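One structure below.
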Amino acid sequence: MNFFDDDNTGIGNFLNEVMGRGSFSEYDNETPKKVDENLNLINVKEKSYFVFDLSIEDHIEVEIVDQIVRNNYGEKVATGKKVLRIKNLNEILRELLIPKSLKIKNFEWTFNNGILEVSFKK
Amino acid sequence: MGQILITLSSNDMERLGIVSGEIVQLSGEKKLCFRVMRVGEEFSGKIGLDGVIRSTLGVSVGEKILVSKIEKIPKLKSITLSVLEHDEFNKEQLRTFNSQLKAGEKFKQLLNNAPLGLGQKISILTNVGNLIYIVSKCSPKNISFGLVGVETKIDLSEEIGESSGTNVYYEDIGGLKEEIEKIREMIEFPMKHPDIFQRLGISAPKGVLLTGPPGTGKTLLAKAVATETDANFISIAGPEIMSKYHGGSEENLRKKFEDAEKNSPTIIFIDEVDASAPKRGETHDQAEKRVVAQLLTSMDGLKGRGKVVVMAATNRPDDLDEALRRPGRFDRELRINPPTDEGRREILQIHTRNMPIENKEAVLDEFSKKTIGYTGADLEVLCKEAALKSVKPFYSELITLGEENDSKDNHNQEIRKQELLDKIKITREHFIHAMKIVEPSAMREVLIKKPHVKWTDIGGLDYAKEKLRELVELPLIRPDLYTMAGIKPSKGILLTGPPGTGKTLLVKAVANEANANFISVKGPELVSKWVGESEKHVREIFKKARQVAPCIIFFDEFDSISKMRGISMSDSTEKIVNQLLTELDGIEELEKVMVIAATNRRDLIDPALLRPGRIDSIVELEIPDEKTRIEIFKVHTKNMPLEKNVNINDYIKKTNNWTGADIEAVCRNAGINAIKKVYQSAKKEKLTITQADFDKALKEVAKQIGISIEDEKTGVNEKSEEKKKDIIKNTSKKDLNKKKKENENRR
């Protein structure tokens, strides 16, 4: 195993932080899929919602991760943006770029009868 | 994904204490359960249901319905679905589609997690369009509704269920919001609430006549009303009722009306009614006359007023028998016009619902503005053409994939096919290509291929260009300014001036640059040897223009059809003038239709046509001055490989009193001279245009137009002065000046 090309060693993270590129998230070993940037956001007084029809699925998980892209040298770098990742037991189903205006700390999600609702408190 | 969903606003959901995905019960004529999806607060107090759900629940748009939360819902063990009749497919075809869908396990994916109940209708999008299924059985038997899960067995019945409607709903119609509202008032309301009409002592309408150009959605509207009112739909096509036996046709028609009354509520729809009920005075066929009479008496004899409504569609209402259009028969008439910008956007949205379009919103916005004059049917074809174009590069790959019949590798094949299908994206370019193929149907007879002339391709003529933009483009682009100013834009513009000064060229630029339909009429073409035909042509042109407004009608060589009345020897020309006068300023307003006429014989035109309110703006094009000639030379030599020593300024003085067309001829001839040199020479020379080529061309054109080249020293040439006078005489400029002076003296 080559010492320097293993991302899990933390060396890559350290170098990136020194170079000002931001750090990797703990999920950087997963290749990011194409991120969907057009979100249909429902804004009400105190909350913002995303709703997805995932009727075909019976079990899903939702998490927020850093957006990781590969630069011209093939290195994985964090863009500083956050991505909402929806996955089932086997694979990532969708990745959606979260608008900067949303506070990601206050996020909740429910999955009822195939409908996923993600909410962010304002 | 699953479509059996309803939408509720965020605050209504809070009131019910639910989040997206939870189940509510809707209580209309039937009680059914649905999952809820959250929408914004702007939809507060409203519930979003598609047409299939509305029809199962027995509610219409705007009606109230009770919504309650369901805490627990049992799981379904099995359900049986039956496909409903479809007006486009026969039973055999439907059975084949059924078996294909069953094999593909499409139902499992579509219905997973959805609550379903007995008698519930489901719309399923298949390769052949939307098919409607009904839940005919469900297990356990003691429950009326339950949730479909992974373990639920889905069976398809071999039997084809009976469908009362036509599977077309209001949301399948774009751009006809007002018309839908009116038709609901006329038909749906009396059909659903006959008691209100009885109490008020008003009788509901018996018949509604839909008129408008072909492809605007008349038949679709009738089908949608029938589905939404849950009425039976009986369609009568002209030739279908005709019989070879004496009295047979009338009997067929009578039977249709009897069936309608037996199975009421019913909507009888007569498509192309002008073919079944033409004016009795104009037809010589006795059978046709009897059919018209039968239709009249059948309509008079309709007992279940409000429960049986006759709808008829035609694009030639004037050809209908007058007796049909009186109250008591076709009480109401509804005109359906080609869609507006907004309407076209809605139609495009409907036809591209399931299309993977790149940057969809922007593409739909752009093409809804570009497709002026396109009807709903045209837009449907446009979308199909764009989609077909996008599939073309993947054709061979898809076919090869289909031919590989390796059953072991079936799963991999499916994945590869899906990957390939995911790659197909419809782009703006595909729509541009489709627009070249699909022309607006209402314009097909009169449509011209738009010229490629731009404003920048016209040298000089700044005043004329500005005037045209102001008179033609501004009213079409910013009609609001005219409304604010409280005035109406000019109806017509006359371009006048000597031959070759750029009248037609200017109009070509207008046609290309204005975002309007363009009808080009060559004056002499209108004149026909048959009595009444010439005027009819004029009427037809204006009628077409009104239909596809905003529209520009261009009359070239206008003097040939607008000669002063009284001096012309031909009666038909006078009739054309009369027709033009009434069309330009008749009772029927000419809205968003602009007339541009071009002539070099303004003196011959009937003065009534040029009075204010008709063709009241006159743009005079004069022989180009020195500055304009420089511009014209620049435009025509823009793409010419000129040799360095060629000085165009040398020719500016020499072409005093020459028209734009003459200058263009000089440049063209210079080019031809250069080509000749290269062509005749044995060596392979680079093609360049020299001063000598221009000199020769100048002499040639001067000889052709009868002007000797101007003396550089004096700058004056007798012959050219004479020509100028001739031209002025021809265009009666002299007379004009005289008139101007007279007017000034009078003041």
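Can you give the calculated 222 nm mean residue ellipticity of chain B, where each DSSP H run of n ≥ 4 adds -39,500 (n - 2.57) and the sum is split over every residue, rounded to the nearest 500 deg cm²/dmol?
Estimated from H runs of four or more residues: -12500 deg cm²/dmol.
Which distance in nm do the two modelled labels at B:ASP462 and B:LYS522 give, with both placed 7 Å along the Cα-to-Cβ direction?
3.6
If we count every other residue with Cβ under 11 angstrom of B:GLY149's Cβ, Lys/Arg +1 and Asp/Glu -1, where does the sum land?
Combined, the nearby Lys, Arg, Asp and Glu give +2.
Determine by what factor the alpha-carbon radius of gyration of region B:1-154 differs from 2.2 N^0.38 Å, reporting the quotient.
Here the answer is 1.07, to two decimals.
What GluC sites (Glu not before Pro) does region B:230-299 have in DSSP loop regions with at most 16 other beta carbons within 10 Å?
For GluC sites (Glu not before Pro) across region B:230-299 that sit outside H, G, I, E and B with at most 16 neighbouring Cβ atoms in 10 Å, the list reads B:GLU282.
Report P(r) for chain B: all Cα-Cα distances, bin width 20 Å, range 0 to the bin holding the largest distance, values in whole percent.
P(r) over chain B, rounded to whole percents: 13, 34, 30, 17, 5, 0.
Sorted by average packing, counted as other Cβ atoms within 10 angstrom per residue and highest first, what order do B:198-210, B:593-605, B:479-491, B:181-193 take?
Ranked from most to least packed, the peptides come out as B:593-605, B:181-193, B:198-210, B:479-491.
So what's the angle, to the nearest 10 degrees on a 0 to 90 scale, between helix B:410-423 and the longest Cα principal axis of chain B?
Rounded to the nearest ten degrees, it is 40.
Calculate the mean, over all residues of peptide B:12-23, of how many other protein chain Cβ atoms lie within 10 angstrom of the residue's Cβ.
Averaged over the peptide's residues, the number is 4.
Per residue of B:559-565, count partner chain C-beta atoms within 10 Å of its C-beta, then hand back the mean as an integer.
0
How are the C-alpha pair distances of region B:279-388 spread across 10 Å bins, as whole percents from the shortest bin up?
All Cα pairs considered, the percentages come to 12, 30, 18, 20, 17, 3.
Could you work out how far apart the two model spin labels at B:LEU401 and B:GLU181 are, taking each label as a point 7 Å from the Cα in the direction of the beta carbon, and quote it in nm?
Here the answer is 4.6 nm between the modelled labels.
Pick out, in residue order, every one of the trypsin sites (Lys or Arg not before Pro) in region B:43-148 that is DSSP loop and has at most 13 other C-beta atoms within 10 Å; say none if there are none.
Answer in residue order: B:LYS46, B:LYS64, B:LYS72, B:LYS141.
Roughly speaking, what % of Cα-Cα pairs in region B:504-545 are separated by over 13 Å, rounded to a whole number?
That fraction is 61 percent.
Considering only chain B, what is the antiparallel percent among its DSSP beta bridges, to the nearest 5?
35
Between Rg and the Kirkwood Rh of region B:539-695, both from Cα atoms, what is the Rg to Rh ratio?
1.18
Among B:ILE623, B:THR659, B:ILE675, flag the residue with its Cα farthest along the positive direction of the charge dipole of region B:619-700, charges on Cβ as +1 for Lys/Arg and -1 for Asp/Glu.
B:ILE675
Can you pull out the trypsin sites (Lys or Arg not before Pro) in region B:629-698 that DSSP calls coil and that have at most 13 other Cβ atoms within 10 Å?
B:LYS638, B:LYS644, B:LYS683, B:LYS684, B:LYS686
A short reminder: the numbers here are calculations on the coordinates, not readings from a lab. Please read all numbers here as calculations on a predicted model, not as lab measurements. All Cβ positions, glycine included, derive from the backbone under ideal geometry; neighbour counts span all protein chains shown.
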